[in-house]
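The values are calculated or read from the model by the stated rules, or taken from the named source; none is laboratory data. Here the structure is a predicted model, which is why all the values come from computation and not from measurement. Glycine also receives a Cβ, built like all others from the backbone with ideal geometry; neighbour counts cover every protein chain displayed. Ligands, DNA and RNA are excluded from the accessible area calculation, which covers all protein heavy atoms including side chains. Shrake-Rupley method; radii C 1.70, N 1.55, O 1.52, S 1.80 Å.
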Amino acid sequence: AQSVTQPDIHITVSEGASLELRCNYSYGATPYLFWYVQSPGQGLQLLLKYFSGDTLVQGIKGFEAEFKRSQSSFNLRKPSVHWSDAAEYFCAVGNPYMRFGAGTRLTVKP
Amino acid sequence: GAVVSQHPSWVICKSGTSVKIECRSLDFQATTMFWYRQFPKQSLMLMATSNEGSKATYEQGVEKDKFLINHASLTLSTLTVTSAHPEDSSFYICSARDLTSNTGELFFGEGSRLTVL
């Protein structure tokens with residue numbers, strides 16, 4: 001069965017610091033993996049996705065993620081966080097429908 | 001990218017009434033759309049898969065008679081919350097996949113916030 005685990009419910013980082021959000025998945029075949037961001041009261045915006053090929057995926061807003069099959073992980077990273085990055089981040093797996101992780105809320109300190 | 005539109009974006013209704021939420025794919029066709037529900041500060045939970053021209057497939061624990069789904073065309077799916085009660089208050093989000101795309105990406109609507117008084 002598909003499942004996604006985001007171990008960190010809430011992360012606080014200082015503006016300008018690096019960021020890594022963790023995501024672990026369980027999937028029976030080659031997974032389709034996604035990271036979405038959601039601002040309060042709004043819908044989802046796709047940051048990046050992985051289907052196959054290069055395991056390091058570049059996304060929008062300076063985000064990247066690395067697929068590690070051996071660790072069943074798809075962690076999201078950003079080298080320097082901006083205050084506008086504060087939001088809820090969801091990792092998702094699956095095709096055709098997605099299963100979402102519980103989400104990680106990112107707070108950015110000035 | 002592809003656009004999915006939901007309407008209304010927010011609705012307040014009295015307990016016992018029914019509310020319909022529309023999900024439209026504006027620039028692509030979708031045989032399958034998905035309806036999710038999100039409680040405050042929680043993740044998205046898949047409610048059902050909406051199939052064009054056939055019955056929806058509901059996730060375990062989701063009441064079919066409570067949440068009626070109709071997928072009448074390749075660009076429109078509707079979710080009707082029947083006899084709504086305060087516990088149905090939630091954020092409902094639909095998503096769809098472009099028929100012509102092989103990337104597997106789902107495009108999400110902006111969500112519809114339902115408040116039942």
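Observations on the structure shown:
- Highest-fluctuation residue, A:61, A:78, A:49 considered, GNM on chain A with Cα pairs under 10 Å: A:61
- Dipole magnitude for the protein assembly as shown: computed about the Cα centre from +1 point charges on Lys and Arg Cβ and -1 point charges on Asp and Glu Cβ, it is near 240 debye.
- According to the Cα-based calculation, Rg over Rh for the protein assembly as shown is 0.97, with Rh computed by the Kirkwood formula.
- Scaled radius of gyration (Cα, divided by 2.2 N^0.38 Å) that region A:31-91 gives: 1.12
- Mean silhouette area of chain A, derived from the convex hull of its C-alpha atoms and averaged over all directions, reads 6.6 nm².
- Relative contact order, percent, chain B [alpha-carbon distance under 8 Å, six or more residues apart]: 37 percent
- Residue pairs, from the table A:61/A:109; B:20/B:41; B:20/B:55; A:61/B:41; A:78/B:41, whose Cα atoms sit over 20 Å apart: B:20/B:41; A:61/B:41; A:78/B:41
- Stokes-Einstein diffusion for region B:1-70, with the hydrodynamic radius set to the Kirkwood value over Cα pairs and evaluated at 10 °C in a medium of 1.306 mPa s, equals 116 µm²/s.
- Highest GNM mean-square fluctuation among A:87, A:65, A:17, for chain A modelled with Cα contacts below 10 Å: A:17.
- Chain A - percent relative contact order, Cα under 8 Å, separation 6 or more: 38 percent
- Taking chain A as a Gaussian network of alpha-carbon nodes connected by springs under 10 Å, the highest mean-square fluctuation of the residues A:41, A:59, A:28 belongs to A:41.
- For region B:42-83, diffusion coefficient by Stokes-Einstein and Kirkwood Rh (Cα), 37 °C, 0.692 mPa s, µm²/s: 302 µm²/s
- Put the Cα centre of region B:21-61 next to the Cα centre of region B:75-117 and the gap is 5 Å.
- Using the 1.4 Å probe convention, the accessible area of the protein assembly as shown works out to 48 Å² per residue with neighbouring protein chains retained.
- Translational diffusion coefficient of region A:5-66 (Stokes-Einstein, Kirkwood radius from Cα pairs, 10 °C, 1.306 mPa s): 118 µm²/s.
- Buried accessible area, chains A and B (both chains, 1.4 Å probe, Å² to nearest 100): 1500 Å²
- The largest-to-smallest principal axis extents of the Cα set in chain B are 41, 27, 22 Å.
- To put it simply, the accessible area of chain A at a 1.4 Å probe is 48 percent carbon and sulfur.
- Burial of accessible area (probe 1.4 Å, heavy atoms of protein chains only) in region A:38-77, relative to its chain alone, reaches at least 10 Å² for A:38, A:41, A:42, A:43, A:44, A:46, A:49, A:51.
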